[in-house]
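**Student:** What follows is a structure written as structure tokens; I'll ask about it next.
Each reported figure results from applying straightforward, stated rules to the coordinates on display, with no laboratory input. Being a predicted model, the structure only gives us computed values, none of them experimental. No Cβ is skipped: glycine too gets one built from the backbone with ideal geometry, and neighbour counts run over all protein chains shown.
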Amino acid sequence: MSEVSVLRLLLSSGPRFARDAVGPVLVFYVGWKLVGLTTAVLGATTFALATFVWERRHARAGLGAALGLTIALTQAAAGFATGSPIAYFVPGIVANSVYGVAFIVSVALGRPLAGIFAQDTYAFPPAMRASATFRRVFSRVSFAWGTYLLLRSAVRLLTLSWRDVDVIVAVNILTGVPFTAALTTWSIWYGVRGFRRSDEWRAALGVALIAMLVLGAVAPARADQAADIVADADRYRRPADSFVWKITITSQEAKKAPSVDGFEVFAKTGGRVFVKFVAPPRSVGRSLLALGRDLWIYLPDAGKPVRIPLSQRLVGQVANGDIARADYAGDYDATLRGEEAIEGVPCHVLDLNAKTKDVTYAVIKYWVASDGRRPVKAEFYAGTGTLLKTGAFENFRDVAGHTLATRLTLTDAIRKDRRSVLDYGEVVIRNLPDKYFDKNYMKTLD
Amino acid sequence: MRRVVIAVALLLGLAASAGADETDRPAWATALRLRGRLAEEFAYRLHDPGDVYDAVFDATDRYPANVERDQKTDISLREALLAVGHGDFDARIGRQQIVWGEAISVFVTDVVNPKDFREFVLPDFSELRIPIWALDASYRLAEGLSLEAVWTPDTMSNRLPKQGAEFQFARPRFRFRNPVVRLPDDQDEFSLERSEGGVRLSVLQRGWDLSLIYYDQADKTPVFFARRVSQPAGPDIVVIEPRHPRLHIVGATLGKSVEPVVVRAEAALSIGKRYETTDPLDPDGVVRRDTLDWLVGVDYTFFERVDTALQLSQKVLMGSATNLTRPGVAAPVTTSVALRVTTGFFDNTLTPTLLFVVGVNRGDFRLSPRIDYLLSQAVTLSLGADLFEGPRLTLYGQFDRNDRVTLTTTWRF
């Protein structure tokens, strides 16, 4: 954070805050004045949606935009259901009050909400997020935001009783833009100052800068080596260029009885994977097709392939991409971070950063055995830096002439008692027809 | 709430879940659902009769006899087909559902199968589609490029609710001063002469999923033509005759994943579409209005837990909507917005879903909350409601007095 200035953060995030705060209201007002309620509601909703998509396309969590979109959708529903421009503003006020309460409650719980929003602006390292300084600084920021949001809601609620859209919009903007801008400026200034002045981080920030410079000089050579390591580790997760593999996923949560799901995976070079659901009975008939990073699910009820994102959860702790994509070398840029022993096995430690946003996880911390380059362990992170789950690669066996990891255990990062075990069973290596990987053929293969 | 449907299957399901082996399919279940491959490129499939029996007609006598006859029992094969293939060519011959389109829960380009609207659009879409006997052939021209052709002599039309049924469609009352004779709908269900068919060209390029369609069919919903017949003595007789005018449907679909958002769009222009009119000066009581249906939708999962789908759709008439009588055709441009929100708790054992569809023109809407509880790996309990609001002659408002609560058990085997 040494090279991070308040001005830089403000310039990068200030306009986004302002856009999320007043953009939809302004679009609504213009649409309502020029055309009518329907256009106004559709315009504001489209604006919120476009903002949200823009944020995600720029690999940001887009929390502000996501909240803006949620409010816009609720407002659209209220506007359409009542046909009243006044009612359109009610959900926003209610949501503001809820957020105000949430900010204050988050302080009481010791998990300040402002800290989560701050990660949208600056990628705090995990150690920094876990520190007392982080909690202290963002607790105060959260309290300030909570108070402001509650006061703002009260003023806006009073204004509603005048039933004049012009006044409501004016008060919305007056209680929004200046205060949001001021509070955002203060929050960033206070956050940066809080870390710079803390005993905990003042020294460490200086060391971190030196480390960044040193690592930068040796980075290219280490990147080549890192990519090789990841490519070698991938081979333990893929038996051949074209094969059929039976996979059983056993998902367990706390003391509940485990659920078992069965799949038949048809895979071929070029990132082509077709997954057939074979158990339990309620899932039979479903299938999944991955062509690179494009994914479809076939549901018998829908009767056609339907586009879905890779990151969507398939079952238990398993995302679609966990089964449909096994190409870490192709999907991620690897950086070698150092060496560490996992249960006595010396390992390379690698950071894998997604090359594009179209993958299941934004970041993977990967442990690969130094000897033989077998995958050993992985930690999977979301774009916000939140640890989602951990994975352990086990049961290495010779299958069809290849040594393969035949078990992957995924454990939820927060609820350690939630886990899914992927057992890779019988493998048939054969040249699969290309049409198996055509979405229009899914109904024939289901 | 006027009607509470309690599925008899609840008890059966509970009993079954207690004793069922959840991993292996019981032998009798296998007998009901035959499928297999005789060779790599030769498969057969035969399964699942649809709804067999609706207990509500024995539990109450509030429905007229014609409705009971129409809806109490219904046994039909959902699927019976042979699939053959050779190289890049594949064909499916038999009774089947052929589903086109990208969007979920709408019929914009899902035009091949007739629909069963006896319970409006409330059942699952796989149940709404009526299977037809058809030939569905496809050929992969290149990687990411395929051509599909469909032909069917099974020209069955949509099944509509009878007079007095729970979800009978609202129609404005025609007040003819003359005597009226209503002719039956004698559309053949099987006709080589009036057979239907079309083609679909599908392209997948850089993650863009595009298809172009053309389909030639008879309108699946009857259009009531009126004509006057002179009588030698007495006033003219008005003869109301249901007909199924020929439609030429040209459309396109689009799907694209902009991780983590999925975008879908569909459009279909029905050329030759006709609607009844209340204009007393119209000679046959029917006007032609070519109709464009289109939609755009986005799917997004919030907080990695809450699946949300938002869809905006419009029906655009090529001409005036004055005097048109069909619910859901409120204006030259009829707009609706649909929002579906689903999440899962306890490892998706408990899955609440909320569907909200609103007709923008007149504010009629449908609100359908539902909770599915996975009782076991094979048995699901569902508690849901369908609430309608709006003016009488609107798509959802016509069922304003038909709000319902449902409790359902589904046993999949």
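**Student:** Per residue of B:98-104, count partner chain C-beta atoms within 10 Å of its C-beta, then hand back the mean as an integer. Can you show the working numbers first?
**Tutor:** Working: counts 3, 5, 2, 4, 4, 2, 6.
Across the residues of B:98-104, the mean count of other-chain Cβ atoms within 10 Å is 4.
**Student:** Expressed as an acute angle from 0 to 90° and rounded to the nearest 10, what is the orientation of the C-alpha long axis of helix B:9-19 relative to the principal long axis of chain B?
**Tutor:** The helix B:9-19 is inclined about 10 degrees to chain B.
**Student:** Averaged over its residues, how many other protein chain Cβ atoms are within 10 Å of peptide A:294-300's Cβ atoms?
**Tutor:** Working: counts 9, 3, 4, 0, 0, 3, 7.
Average per residue, whole number: 4.
**Student:** Still on this structure, I have one more. Can you show me the helix-derived [θ] at 222 nm for chain B, built from DSSP H runs with n ≥ 4 at -39,500 (n - 2.57) apiece and divided by the number of residues, rounded to the nearest 500. Show your work: numbers first, answer last.
**Tutor:** Numbers: 5 runs with 32 residues, N = 413.
After summing the helix terms and dividing by the residues of chain B, the value is -2000 deg cm²/dmol.
**Student:** Return the distance in nm (one decimal) between the two label points of a simple spin-label model at A:Val155 and A:Lys416, each offset 7 Å from Cα along Cα→Cβ.
**Tutor:** Modelled inter-label distance: 4.8 nm.
**Student:** Can you give the Rg and Dmax of segment B:234-330 based on its C-alpha atoms, in angstrom?
**Tutor:** That works out to 19.6, 73 Å for Rg and Dmax.
**Student:** Amide H of B:Leu395: which non-local residues (sequence gap of 5 or more, or other chain) have their own amide H closer than 5 Å, using H built in the peptide plane?
**Tutor:** Close amide H contacts, sequence-distant or interchain: B:Gly328.
**Student:** FRET efficiency for B:Asp216 and B:Phe346, Cβ-Cβ distance as r, R0 = 41 Å, nearest 0.05?
**Tutor:** After rounding, the FRET efficiency stands at 0.25.
**Student:** Rule-of-thumb check for segment A:338-427: C-alpha Rg over 2.2 N^0.38 Å?
**Tutor:** Normalised Cα radius of gyration, segment A:338-427: 1.15.
**Student:** Measuring from centroid to centroid over Cα atoms, what is the spacing of segment B:376-413 and segment B:220-243 in Å?
**Tutor:** With segment B:376-413 and segment B:220-243 each reduced to a Cα centre, they are spaced 38 Å.
**Student:** Going by the alpha-carbon gyration tensor, a ≥ b ≥ c the square roots of its eigenvalues, is segment B:62-129 rounded (a/c under 1.5) or, if a/c is not under 1.5, prolate (a/b greater than b/c) versus oblate? Mind dumping the intermediate values first?
**Tutor:** Values: a/c = 4.18, a/b = 1.79, b/c = 2.34.
Oblate is the answer for segment B:62-129, as a/c is 1.5 or above yet b/c matches or exceeds a/b.
**Student:** Note down, for segment B:147-267, the three equivalent ellipsoid semi-axes (square root of 5 times each alpha carbon gyration tensor eigenvalue), biggest first, whole angstrom.
**Tutor:** On the way: eigenvalues 351, 70, 32 Å².
The answer is 42, 19, 13 Å, longest axis first.
**Student:** Each residue of segment A:292-308 in turn: what ³J(HN,Hα) in whole Hz from Karplus with 6.51, -1.76, 1.60 and θ = phi - 60°, glycine and Pro shown as x?
**Tutor:** Karplus-based 3J(HN,Hα) across segment A:292-308 equals x, 9, 9, 9, 10, 10, 10, 10, x, 5, 6, x, 7, x, 10, 5, 9 Hz.
**Student:** A follow-up question, please. For each of A:Trp32, B:Trp151, count neighbouring Cβ atoms within 10 Å of the residue's Cβ, then give the residues from fewest to most.
**Tutor:** Numbers: A:Trp32 22, B:Trp151 13.
Fewest-to-most ranking of A:Trp32, B:Trp151: B:Trp151, A:Trp32.
**Student:** Another question, then. For segment B:3-411, evaluate the Debye formula with one uniform point scatterer on each Cα (no solvent term) and list log10 I(q)/I(0) at q = 0.12 Å⁻¹, rounded to two decimals.
**Tutor:** Values returned for q = 0.12 Å⁻¹ are -1.21.
**Student:** May I have the extent of the alpha carbons of segment A:234-445 along their three principal axes, as whole Å values ordered from largest to smallest?
**Tutor:** 49, 39, 32
**Student:** Fully extended, how many nm does the chain gain between B:Phe302 and B:Phe176 (0.36 nm per residue separation, minus their Cα-Cα distance)?
**Tutor:** Details: separation 126, 0.36 × 126 = 45.36 nm, distance 5.55 nm.
This chain segment gains 39.8 nm when fully extended.
**Student:** Follow-up question, since we're still on this one. Subtract the Cα-Cα distance of B:Thr325 and B:Phe190 from 0.36 nm times their separation in residues, and report this length gain in nm to one decimal. Could the numbers behind the result be given before it?
**Tutor:** Details: separation 135, 0.36 × 135 = 48.60 nm, distance 2.98 nm.
Result: 45.6 nm gained on full extension.
**Student:** What average number of partner chain Cβ atoms lie no more than 10 Å from the Cβ of the residues making up A:435-441? Walk me through the intermediate numbers first.
**Tutor:** Details: counts 11, 0, 1, 10, 6, 10, 6.
Rounded to a whole number, the mean comes out at 6.
**Student:** Counting Lys +1, Arg +1, Asp -1, Glu -1, what net charge surrounds B:Tyr396 among other residues with beta carbon under 15 Å of its beta carbon? Display every interim value, and only then the final one.
**Tutor:** Numbers: positive: B:Lys315, B:Arg326, B:Arg362, B:Arg366, B:Arg392, B:Arg401, B:Arg404; negative: B:Glu119, B:Glu166, B:Asp364, B:Asp386, B:Glu389, B:Asp400, B:Asp403.
Every neighbour counted, the sum reads 0.
**Student:** Largest first and in whole Å, what are the equivalent-ellipsoid semi-axes of segment B:135-202 based on the Cα gyration tensor, each being the root of 5 times an eigenvalue?
**Tutor:** Values: eigenvalues 327, 51, 25 Å².
Ellipsoid half-lengths, sorted descending, are 40, 16, 11 Å.
**Student:** Could you state the per residue volume, in Å³, of the convex hull enclosing the Cα atoms of segment B:296-391? Can you show the working numbers first?
**Tutor:** Details: hull volume 11.4 nm³, N = 96.
Once divided by residue count, the hull of segment B:296-391 is 118 Å³.
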